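The values are calculated or read from the model by the stated rules, or taken from the named source; none is laboratory data. What you see is a predicted model, and the numbers here were worked out from it, not measured in a lab. The protein model used for the area step is the full one, side chains on, heavy atoms only, and it has no ligands, DNA or RNA in it. Shrake-Rupley method; radii C 1.70, N 1.55, O 1.52, S 1.80 Å.
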Amino acid sequence: MTDKKPALAVQGIYKRFGELEVLKGIDLWAKEHDVISIIGASGSGKSTFLRCINLLEVPDAGRVEVDGELIEMHTLKDGRYVPANQKQVDRIRASVGMVFQNFNLWAHMTILENVIEAPVHVLKMPKDAAIAKGEALLEKVGIADKRHHYPSQLSGGQQQRCAIARTLAMDPKLLLFDEATSALDPELVGEVLKVIRDLAEEGRTMIMVTHEMGFAREVSDEIVFLHKGKVEEQGPPSLVFENPKSERCRQFLASTL
């Protein structure tokens, strides 16, 4: 038995866009400090599933619990499944940090201003404290010397490291990474993976959608392989990568490793 707290419990997630059913009943559990990597071919539903966790996409059915708290949902008369309490969603979303593939930095703000914006305006942190914290986080991700630069003056890898620092500034209980290196030039991928590896070693609870198979194998406690909106294979990296039960998973890994 483990004494680690449940950090995330997702049950029966379905999502369709028009006639296309993208997610077909996905379950996922993560304990505190777990690192789970979600892999699969493009179009398998990985990013949509990640966005359903913090309701950037509202699922058509299913349950999401974050840190033991169930996100309340209800069904409207027209059949739509929607959050019952938007204030609850906003509060939980503030504790679930998400790093996107395309940085999403504010172009008119400096790197430091990007990092402190949410702590000051969402968490109501005093600006002096937010600046001190922001500078420490930029030091942590290796771009403290860029704090007064604007995003356009940074490389893609530096911008993504800023995006990670901005996410960490909210003290999230859960970190979601949506293909955080896929928009980067190959020579910049390593600097971002180093930051993510350091976070894993710190014991952060993380769910990652990634195409970096070697990295996923190295840092993850569990691998989840999605195929056509379903969990096709799931288990520790040693089993999934060395002895997958699913033929589809074997074919996918053969084409990527």
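Estimated at 0.36 nm per residue, the fully extended path between H74 and H108 surpasses their Cα-Cα distance by 8.4 nm. Taking the chain as a Gaussian network of alpha-carbon nodes connected by springs under 10 Å, the highest mean-square fluctuation of the residues D67, D171, D128 belongs to D128.
Solvent exposure of the chain amounts to 49 Å² per residue of accessible area, where only protein heavy atoms count and the probe is 1.4 Å.
Taking amide H atoms as placed 1.01 Å from N in the peptide plane, the amide H of G25 lies under 5 Å from those of I13, Y14, K15, each 5 or more residues away in sequence or on another chain. Taking each residue as 0.36 nm, the span from A94 to E139 lengthens on full extension beyond its C-alpha to C-alpha distance by 13.9 nm.
For the chain, the square roots a ≥ b ≥ c of the C-alpha gyration tensor eigenvalues yield an a/c of 1.5 or more together with a/b not exceeding b/c, which makes the shape oblate. Out of K124, K77, K46, any idea which swings most in a Gaussian network model of the chain, alpha carbons joined below 10 Å? Largest GNM mean-square fluctuation: K77. Estimated purely from DSSP H runs of n ≥ 4, each contributing -39500 (n - 2.57), the mean residue ellipticity at 222 nm for the chain is -11000 deg cm²/dmol once divided by its residues. With respect to the cross-link table entries K87/K173; K133/K173; K77/K230; K24/K173, which display a Cα-Cα separation exceeding 24 Å? Beyond 24 Å: K77/K230; K24/K173.
Once backbone amide H atoms are built at 1.01 Å from N, L174 has G97 as its partners under 5 Å, excluding neighbours fewer than 5 places away on the same chain.
Only aspartates and glutamates eight or more places from K140 in sequence, or on another chain, were considered; those with a Cα closer than 16 Å are D171, E191, D198, E201, E202.
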